[in-house]
Amino acid sequence: MKQRFVLLLLSLVFSPVFSQKVKFSSLLYDFGTLREEAGRVKTVFEFKNIGKDTILISEAKPSCGCTTPVFKKDAIPPGKKGSLTAEFDPEGRPGDFLKTITVSVKKWPEDVLANAEVQILEIKGVVTPRPKALTESFPVKMGKIRLTGTYMSFDSLFTDGFKEIRVTLFNESADPVQLLRSEGPAYITVVPKEGLIKPNDSLSLTIRVDGSMAEDWGNVYYPLRLFTDEAAEGEKMFSLFGYRGDRVSHLSSDEKAKMGRVSFETREVNFGDIIQGSSVEHTFRLTNKGAGELVIRKWKPGCGCTSSQPDKMTLQPGETATAKAIFNSTGQNGSIQKSITVVTNDPIEPVVNLFIQGVVKPADLNQPVKPKE
């Protein structure tokens, strides 16, 4: 509705200084129900020149790439008719749709600087989704079983709750497959633990991750394995991923003000030129500027070439911690940017990325830079 209001407002702002020139027999066409797999559909909007001047359609802009207006820039004398064809492509657009075409009409011959009369045409309908092939619904094949993927997101996981992921295993073979068990961290449970998957049938699993027991902080990955009685590929590997942290959305501003707040002296350091094979170091300093205890949940360099660890993991209000970061340039070359991810219980900015930058150059400029291993 907001889009339609803006378009109507524009039609008033850019209304012509002369009388109305064109009248469409209809400004809206309802395609009704369309099938996504049926392909493009079209309708014709007819109009009549009701003014005193010869006119033409100078422009027609669709609101979406799925809609294509087709028209000719033909001169239309007073009293004569013209038409514009609206084509709609339902591919990839299941559900209700309402699309607009903004039509600009000018005097003929066209004066590009002259005001245009603007008409808003609309097409609408409902697209029913096309039936998906088995390989589309379950693109990943592991033995006799198909599934949607091996990487499953649980979005945000908090320490005071849990997240559930639903997974469907489809047996595409002519033989029954028995789910025997699952193996993973103690904070991940799979229901049902076992079950029979009949030929050309499926089994739905609920994977539950307990945030109070889970490990690690920030962006995390948790492994999970399922075992079936298949002779080949009976072990199936999965990764669950998402963000784990403290839930603070329910806290008031006053409550957040009583918590710890992290403040870094600097968040990045640029070493400039670094001789290949040498190590450089920088000490990051962070201070608890909040009113409560600040807990460093995680301090993790993003590369094995960088080592860093703070001298303390808990800071009282006003207390400072230091962390020496050492970058070893062996095997590195050219411009580098390495990161250190820091996760704390700061309610405003729980994740901070520190950066190390520089340019690794060979010790002997006459020798080529050694490639990364």
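Among the residues of this structure, Thr306 counts as one that is within 30 Å of the chain's Cα centre (by Cα) and over 23 Å from Arg244 (Cα atoms).
For the stretch 51-97, a residue qualifies if it is under 19 Å from Pro129 (Cα atoms), surrounded by 15 or more Cβ atoms within 10 Å (Cβ to Cβ) and in contact (Cβ under 8 Å) with a residue 40 or more places away in the chain, and the qualifying residues are Thr67, Glu87, Phe88, Asp89, Pro90, Arg93, Pro94.
Every residue, every condition in (1) under 31 Å from the mean Cα position of the chain (by Cα); (2) assigned by TED's automatic domain parsing to the domain that holds Tyr221; (3) closer than 30 Å to His250 by Cα, yes or no:
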residue	(1), (2), (3)
Phe97	yes, no, no
Thr100	yes, no, no
Trp108	no, no, no
Val112	no, no, no
Val140	yes, yes, no
Met152	yes, yes, yes
Asp160	yes, yes, yes
Arg166	yes, yes, yes
Val177	no, yes, no
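Among the residues of the stretch 151-183, those that are hydroxyl-bearing (Ser, Thr, Tyr) and either within 17 Å of Asn219 (Cα to Cα) or loosely packed, with under 13 Cβ neighbours inside 10 Å (or both) comprise Tyr151, Ser153, Ser156, Thr159. Counting the residues of the stretch 100-113 that are of a type outside the set (Asp, Glu), touching a Ser or Thr at 6+ places or on another chain (Cβ under 9 Å) and farther than 16 Å from Leu27 by Cβ gives 5. So which residues in the stretch 263-293 are in contact with a Leu (Cβ under 7 Å, 6 or more places away or on another chain), within 17 Å of Lys324 (Cα to Cα) and either assigned to a strand (DSSP E or B) or hydroxyl-bearing (Ser, Thr, Tyr) (or both), if there are any at all? Correct list: Ser263, Phe264, Glu268, Phe284.
Against the condition among the hydrophobic types (A, V, I, L, M, F, W, C), surrounded by 13 or more Cβ atoms within 10 Å (Cβ to Cβ) and either farther than 19 Å from Leu354 by Cα or without any contact (Cβ under 8 Å) to a residue 12 or more places away in the chain (or both), how does Met313 come out, does it pass? Criteria not met by Met313.
Residues in the stretch 230-257 that are touching a Lys or Arg at 6+ places or on another chain (Cβ under 7 Å) and not in a strand (DSSP E or B) were compared, and the one that is farthest from Ile145 (Cα to Cα) is Val248. In the stretch 234-252, the condition of being out of contact with any Phe, Trp or Tyr (no Cβ under 7 Å at 6 or more places or on another chain) and either polar (S, T, N, Q) or closer than 30 Å to Val360 by Cα (or both) is met by at least one residue. Give the residues of the stretch 318-352 that are surrounded by fewer than 13 Cβ atoms within 10 Å (Cβ to Cβ) and either in a strand (DSSP E or B) or under 34 Å from the mean Cα position of the chain (by Cα) (or both), sorted by residue number. Within the stretch 318-352, Thr322, Gly334, Ser335, Gln337, Ile348, Glu349 qualify. Among the residues of the stretch 184-193, those identified as exposed (fewer than 14 other Cβ atoms within 10 Å of the Cβ) and either at pLDDT below 95 or in contact with an Asp or Glu (Cβ under 9 Å, 6 or more places away or on another chain) (or both) are Ala186, Lys193.
The values are calculated or read from the model by the stated rules, or taken from the named source; none is laboratory data. For clarity, every value in this text was computed on a predicted model and none was experimentally measured. So basically every Cβ, Gly included, is an ideal-geometry build from the backbone, and we count neighbours across all protein chains shown.
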